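Participant: Next up is a structure, given as structure tokens.
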Ligand code: NDP
Ligand code: ZN
């Protein structure tokens, strides 16, 4: 089913190696169409065509790989709450149609002439970014997520070279510059590793930046995809970890995951028992919420790190909660490419993966509904080969 085509291909500027043993097919105008091009055409996916309609089957053409590009057959893609925010235009800057998905694991099918780091057959990952300026102060420090020109999102951004809108991983294939592709260690289970590409790096990056280590007391707020990975990573970094959850059903499971304490956040007496206790709080709640009660749980100099909230804080912060104890409210956005590679190695070494519920792509709307209700343990991951067995 073809519901729409993205902008046409630009003229191919490269050759691929090795790619297909099939014959090229010539048409009269305007350029010869080779199997390389035919291959990248007809990408199967699910897209949101508007903020108010469910995702539906959508066919489009990926760009022909450029000299620095890696073509990837997608095997698994995690379902992040950001996908849901974007599909529903919660942040007000969504573009449609949008194929969400930025926790991508796949197999390299072809590489452009200048690609050195990857070869066909290799298992690789793609996270939330597919390009950045590569020259600014942030990019030079490996902090592409803070690119001063703004990074190119895996979906919903204009491509820096041809202006077409990027589309994400709820699809059969993707083409990405090698600078934004990471190598997936063979030791990792590919299904449970997919969420590392966003949920993992988004929680690991601030924990590392703030120097979390043994002796620190860390509270993780909300146990969905990010929170679940945050708990595992903070424990692996040696911290004493407390989970804050609204869901009684997650208490025992959290303890099985090695969490030292669990606080049911709707119980004021449980909250108050931890006043002034924490060095760091990692807040993954996806909607506006009162952070004042959490600030009171920080020691002096404690840091409340927001990763879930990408909108105004409401109700407002009582400055006394900061001033009187030199506390800090901080934010953090995903993580850089080198740091993502570091995290994949870290997860392989510490045997860390995400607990996942594997689905096929036709279950995506139900998955969105369940995620909205906090009813997922702890990440949906789409099995793309099972979704499109004929491809
Ligand atoms: P999930 O839906 O998987 O998990 C969110 C968890 O927060 C829920 O499981 C629930 O945990 C808790 N929660 C949900 N709703 C509420 C509510 N109304 N009040 C209090 N707690 C609530 O989301 P993700 O982990 O995928 O993403 C979390 C947020 O992080 C999203 O907003 C996402 O857009 C954002 N994000 C930010 C990134 C960044 O770079 N900063 C990158 C990726 C995502 P429990 O049941 O335990 O209470
Ligand atoms: Zn995400």
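The values are calculated or read from the model by the stated rules, or taken from the named source; none is laboratory data. Worth saying up front: this structure is predicted, and the values here are computed from it rather than measured. Neighbour counts are summed over all protein chains in view; Cβ atoms, including those assigned to glycine, are modelled from backbone coordinates with ideal geometry.
Participant: Which ones in the range 127-164 are in a helix (DSSP H, G or I), exposed (fewer than 14 other Cβ atoms within 10 Å of the Cβ) and touching a residue at least 24 places away in the same chain (Cβ under 8 Å)?
Facilitator: Hits for the range 127-164: nothing passes.
Condition check ((1) under 19 Å from the mean Cα position of the chain (by Cα); (2) away from ligand 1 (no atom under 11 Å from the Cβ); (3) farther than 26 Å from residue 225 by Cα) across all residues:
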{"residue": "75", "(1), (2), (3)": "yes, yes, no"}
{"residue": "79", "(1), (2), (3)": "yes, no, no"}
{"residue": "87", "(1), (2), (3)": "yes, yes, no"}
{"residue": "98", "(1), (2), (3)": "yes, yes, no"}
{"residue": "103", "(1), (2), (3)": "yes, no, no"}
{"residue": "109", "(1), (2), (3)": "no, yes, yes"}
{"residue": "117", "(1), (2), (3)": "no, yes, yes"}
{"residue": "121", "(1), (2), (3)": "no, yes, yes"}
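Participant: If only one of 95, 109 is modelled with pLDDT of 95 or more, more than 16 Å from ligand 2 (Cβ to nearest atom) and outside any loop (DSSP other than H, G, I, E, B), which one is it? Spell out how you get there, then give the answer.
Facilitator: Working: 95 fails: outside any loop (DSSP other than H, G, I, E, B).
Going through 95, 109 in turn, just one is modelled with pLDDT of 95 or more, more than 16 Å from ligand 2 (Cβ to nearest atom) and outside any loop (DSSP other than H, G, I, E, B): 109.
Participant: As an exercise: evaluate residue 187 against (1) away from ligand 1 (no atom under 15 Å from the Cβ); (2) in a loop (DSSP other than H, G, I, E, B); (3) crowded, with 20+ Cβ neighbours inside 10 Å and give the number of the one condition it does not meet.
Facilitator: Checking residue 187 against (1) away from ligand 1 (no atom under 15 Å from the Cβ); (2) in a loop (DSSP other than H, G, I, E, B); (3) crowded, with 20+ Cβ neighbours inside 10 Å, the one that fails is (3).
Participant: Return yes when residue 328 is under 28 Å from the mean Cα position of the chain (by Cα), within 14 Å of ligand 1 (Cβ to nearest atom), surrounded by 14 or more Cβ atoms within 10 Å (Cβ to Cβ) and at pLDDT 95 or above and no when it is not.
Facilitator: Criteria not met by residue 328.
Participant: Looking only at helices (runs of 4 or more DSSP H) that lie completely in the range 196-262, which have at least 3 residues being more than 14 Å from ligand 1 (Cβ to nearest atom)? Step through it out loud before you land on a result.
Facilitator: Numbers: elements: 199-209, 225-236, 251-256.
The qualifying helices (runs of 4 or more DSSP H) are 225-236.
Participant: Which is in contact with a strand residue (DSSP E or B) (Cβ under 9 Å, 6 or more places away or on another chain) and crowded, with 20+ Cβ neighbours inside 10 Å, of 322, 281, 306?
Facilitator: 281
Participant: Quick check on residue 145: is it more than 25 Å from residue 355 (Cα to Cα) and either outside the structural domain of residue 78 (by TED's automatic domain parsing) or within 15 Å of ligand 2 (Cβ to nearest atom) (or both)?
Facilitator: Answer is yes for this residue.
Residues checked against (1) in the same structural domain as residue 377 (by TED's automatic domain parsing); (2) in contact with a strand residue (DSSP E or B) (Cβ under 6 Å, 6 or more places away or on another chain); (3) at pLDDT 95 or above:
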site: 8; (1), (2), (3): no, no, no
site: 23; (1), (2), (3): yes, no, no
site: 62; (1), (2), (3): yes, yes, yes
site: 81; (1), (2), (3): yes, no, yes
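Participant: Against the definition (within 16 Å of ligand 2 (Cβ to nearest atom) and at negative phi), how does residue 234 come out, yes or no?
Facilitator: Against the criterion (within 16 Å of ligand 2 (Cβ to nearest atom) and at negative phi), residue 234 does not qualify.
Participant: Hey, another quick one. I need the full set of residues from the range 277-288 which are part of a loop (DSSP other than H, G, I, E, B) and either in contact with a helix residue (DSSP H, G or I) (Cβ under 7 Å, 6 or more places away or on another chain) or free of Cβ contacts under 8 Å to residues at least 24 places away in the same chain (or both), in order please. Reasoning before the result, please.
Facilitator: To start, the set of residues in the range 277-288 that are part of a loop (DSSP other than H, G, I, E, B) comprises 277, 284-288.
Answer for the range 277-288, where residues must be part of a loop (DSSP other than H, G, I, E, B) and either in contact with a helix residue (DSSP H, G or I) (Cβ under 7 Å, 6 or more places away or on another chain) or free of Cβ contacts under 8 Å to residues at least 24 places away in the same chain (or both): 284, 286, 287.
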